[in-house]
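The structure under discussion appears below in the form of C-alpha cells.
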Amino acid sequence: MYIEIQAKTLLATIRGDDPVYGMKYNMNLYRGCEHQCIYCDSRSECYGIENFKDVLVKVNAIDLLERELQRKKVIGTIGFGSMSDPYTPAEMKYGLTGKALEVISRRGFPVHLNTKSDRILKDAEMLAKINRVHASVCFTITTTDDDLASVLEPGAPRPSARLRAMAELARCGVKVGTGLMPVLPFLEDTVENILQVVDATADHGGTFILPWFGMSLRDRQRVYYYDSLDRHFPGLRVRYERTYGNRYFCPAQNADSLAQAFYAHCTRRGIQTHVPRWQPDSPVAQLSLW
C-alpha cells in the first residue's frame, strides 16, 4: 500500500566524517520497502516503521529538496537508500528519485546511491551527467544464486539483473560496485559464495566491494527473520538460537577465513574495498594586495 505524506524536512546532515560512503547529506524519499528482504534491519523498533509492507511516499520531497539545497553552503555527497531502496516499484509510480537527481544535477552536488534494483537504469543518463561532478552506485549483492536470492529478497530484482545494470552504468562512466552485506550465517558464509560475488563484480565493471561478514538481529527484525527461516529453511532457526542467543551482531561462523579469502581475491581482481569518494577541488588561495 502506498501512503502519501507531507514531510517537514528532507535532507539530514551527517555530522563528522562518514567513513563508509563519504556522504555529507542523506535523504529518504520513501519509508518502507517493497523488496521485503527477510533480514532487513529497518524492521527494528528503533526506526519507528509500524508496517514495513506499507510505503510512505513523501510527495512534497522535490519542493523540499529545492529549498533545502538552495540554503546549503557546503557542497557534499548526497546519499540515497539508507532506510528504503530508492528504486522499488514505488519509484516507477512516483518518480521521486529521478526528479531528485535532476534537482541535484542542476545544483552541482555529488551523489551516492545504494540499491538492489536494475530500475536504476531509467536514470542512467542523469547519473552520467551528475558524474561530471561525482556519482557512485553500490548494488547490494550477497549471493549470485538467483534462486537463493528469490527467497532472501523476494521483492527485489535478482542478482543477475543487478549485475547487468552494474555493467550498463559502468559503460556510462558511473562508479559502480557491490555491497556484500549482510553475509547470512549458514546460508551465504562459504568461500565459494564470497569469491563468486567478487568475480561477478569484477566481470561486470565494478571497481569496489564493501563487505560485512555477518548480520544484525534485534527485536522485530529477529522475529520476522526467524519466522522466514521456519518457512523456507526448517530447522535453521534452532541453529541460530543456539549460536547467537539474543546477540545483536551475529558474525559468520568462519568470518576470519572468509575475510582472508575475500581480500586476497579482491587484490587479484583489482577490486578496491572502499567506495571512491568525491573530493572537492582545492580552494585557490587569495593573493594579498600588499
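A few notes on this one:
- Of all residues making up segment 105-117, the number that are crowded, with 23+ Cβ neighbours inside 10 Å, out of contact with any Gly (no Cβ under 8 Å at 6 or more places or on another chain) and either in a helix (DSSP H, G or I) or among the hydroxyl-bearing types (Ser, Thr, Tyr) (or both): 1
- Filter result (in contact with a strand residue (DSSP E or B) (Cβ under 7 Å, 6 or more places away or on another chain) and in a helix (DSSP H, G or I)) within segment 76-92: ALA90
- The set of residues in segment 149-164 that are of a type in the set (Lys, Arg) and either outside any loop (DSSP other than H, G, I, E, B) or touching a strand residue (DSSP E or B) at 6+ places or on another chain (Cβ under 6 Å) (or both) comprises ARG162, ARG164.
- Of all residues making up segment 225-257, the number that are hydrophobic (A, V, I, L, M, F, W, C) and either modelled with pLDDT under 95 or touching a strand residue (DSSP E or B) at 6+ places or on another chain (Cβ under 8 Å) (or both): 4
- Residues in segment 169-191 that are assigned to a loop (DSSP other than H, G, I, E, B) and of a type in the set (Val, Ile, Thr) were compared, and the one that is surrounded by the fewest Cβ atoms within 10 Å (Cβ to Cβ) is THR190.
The values are calculated or read from the model by the stated rules, or taken from the named source; none is laboratory data. Everything numeric in this text was worked out from a predicted model, so none of it was measured. Reconstructed Cβ throughout: ideal geometry from the backbone, glycine too, with neighbour counts over all protein chains shown.
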